[in-house]
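Colleague: Input: one structure, supplied below.
The values are calculated or read from the model by the stated rules, or taken from the named source; none is laboratory data. As the structure is a computational prediction, the values presented were derived from the model and not from experiment. Cβ coordinates were reconstructed from backbone atoms using ideal geometry, including for glycine residues, and neighbour counts include every protein chain displayed.
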Amino acid sequence: MNYQVYYGDGRVLSDSAAPLTGDNARSVQVIVQHDQDGPVMLTGADYYIWRSERWVGVDIFGLFDYLLDSGLVLFGRTVTADEYQAIYQRAKLEKRTWRPGERRPIKT
């Protein structure tokens, strides 16, 4: 699929241009992508994700879903202090040494 990305600073990049990372991933205003029926304009989304060979606009929860499905990010959750301590004590059994700068447990 061919597409063009239009930016807030006036730049326009096509799918054959530089990778869409760094500054090329910020300030996206409009994406025009072409499919078998012609050009489709995508605008007004907070985030744009590449899914099923096309760009899709999503909100923050769609972004979270995308990141979780990618396997590139893990999310933590708040648990009670007792739950955390039980998990931490179990994991600590694997620990034998400490690296410089590594977070160490507080001794009480």
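Colleague: Would you check which residues across region 53-64 are farther than 25 Å from Asn2 by Cα and either touching a Pro at 6+ places or on another chain (Cβ under 8 Å) or surrounded by 11 or more Cβ atoms within 10 Å (Cβ to Cβ) (or both) and list them? Before the answer, list the steps.
Modeller: Restricting attention to region 53-64, the residues satisfying the condition of being farther than 25 Å from Asn2 by Cα are 60-61, 64.
Residue satisfying the conditions is Phe64 alone.
Colleague: Of everything in region 72-103 that's of a type in the set (Phe, Trp, Tyr) and surrounded by 10 or more Cβ atoms within 10 Å (Cβ to Cβ), which residue is farthest from Phe61 (Cα to Cα)?
Modeller: Taking region 72-103 as the starting set, the residues that turn out to be of a type in the set (Phe, Trp, Tyr) are 75, 84, 88, 98.
Add one more test, that the residue is surrounded by 10 or more Cβ atoms within 10 Å (Cβ to Cβ), and what stays is 84, 88, 98.
Numbers: Tyr84: 26, Tyr88: 29, Trp98: 37 Å.
Selected residue: Trp98.
Colleague: If a residue has to be part of a strand (DSSP E or B), under 22 Å from the mean Cα position of the chain (by Cα) and either more than 16 Å from Val58 (Cα to Cα) or at pLDDT below 95 (or both) to count, how many in region 6-31 make the cut? Break it down stepwise before answering.
Modeller: Let us first name the residues in region 6-31 that are part of a strand (DSSP E or B), namely 6-7, 12-14, 28-31.
Next, from what is left, pick out any that are under 22 Å from the mean Cα position of the chain (by Cα): 6-7, 13-14, 28-31.
Those still in the list that are either more than 16 Å from Val58 (Cα to Cα) or at pLDDT below 95 (or both) too: 6-7, 13-14.
So the count comes out to 4.
Colleague: With respect to the numbered conditions (1) within 17 Å of Gln4 (Cβ to Cβ); (2) assigned to a loop (DSSP other than H, G, I, E, B), which one is the sole condition not fulfilled by Pro39?
Modeller: (2)
Colleague: Looking at (1) out of contact with any helix residue (DSSP H, G or I) (no Cβ under 7 Å at 6 or more places or on another chain); (2) surrounded by 11 or more Cβ atoms within 10 Å (Cβ to Cβ), which is the one condition that is false for Ser16?
Modeller: (2)
Colleague: I would also like to ask the following. Name the one entry in Leu42, Leu72, Leu63, Leu20 that is within 30 Å of Arg104 (Cα to Cα) and not β-branched (Val, Ile, Thr). If you could, list the steps in order and put the result at the bottom.
Modeller: Details: Leu42 fails: within 30 Å of Arg104 (Cα to Cα); Leu63 fails: within 30 Å of Arg104 (Cα to Cα); Leu20 fails: within 30 Å of Arg104 (Cα to Cα).
Among Leu42, Leu72, Leu63, Leu20, only Leu72 is within 30 Å of Arg104 (Cα to Cα) and not β-branched (Val, Ile, Thr).
Colleague: Could you count how many residues in region 29-56 are of a type in the set (Lys, Arg) and in contact (Cβ under 8 Å) with a residue 24 or more places away in the chain? Walk me through it before giving the result.
Modeller: So in region 29-56, the residues of a type in the set (Lys, Arg) come out as 51, 54.
Now narrow it down to the ones that are in contact (Cβ under 8 Å) with a residue 24 or more places away in the chain: 54.
Result for region 29-56: 1.
Colleague: Moving on to the next point. Pull up region 77-108, narrow it to residues that are under 28 Å from the mean Cα position of the chain (by Cα) and among the charged types (D, E, K, R), then point me to the one that is modelled with the highest pLDDT. So that I can check it myself, show each step before the final result.
Modeller: Kept after step one, since they are under 28 Å from the mean Cα position of the chain (by Cα), are these residues of region 77-108: 77-80, 84, 87-88, 91, 101-103.
Next, from what is left, pick out any that are among the charged types (D, E, K, R): 77, 102-103.
Details: Arg77: 94, Glu102: 85, Arg103: 80.
Ranking the qualifying residues of region 77-108, first place goes to Arg77.
Colleague: Just the residues that are under 30 Å from Gln33 (Cα atoms), free of Cβ contacts under 8 Å to residues at least 12 places away in the same chain and not in a loop (DSSP other than H, G, I, E, B), please, taken from region 57-108.
Modeller: Of region 57-108, the ones under 30 Å from Gln33 (Cα atoms) are 57-73.
Narrowing the set further to residues that are free of Cβ contacts under 8 Å to residues at least 12 places away in the same chain leaves 61, 64-65, 67-73.
Of everything in region 57-108, those that are under 30 Å from Gln33 (Cα atoms), free of Cβ contacts under 8 Å to residues at least 12 places away in the same chain and not in a loop (DSSP other than H, G, I, E, B) turn out to be Phe61, Phe64, Asp65, Leu67, Leu68, Asp69, Ser70.
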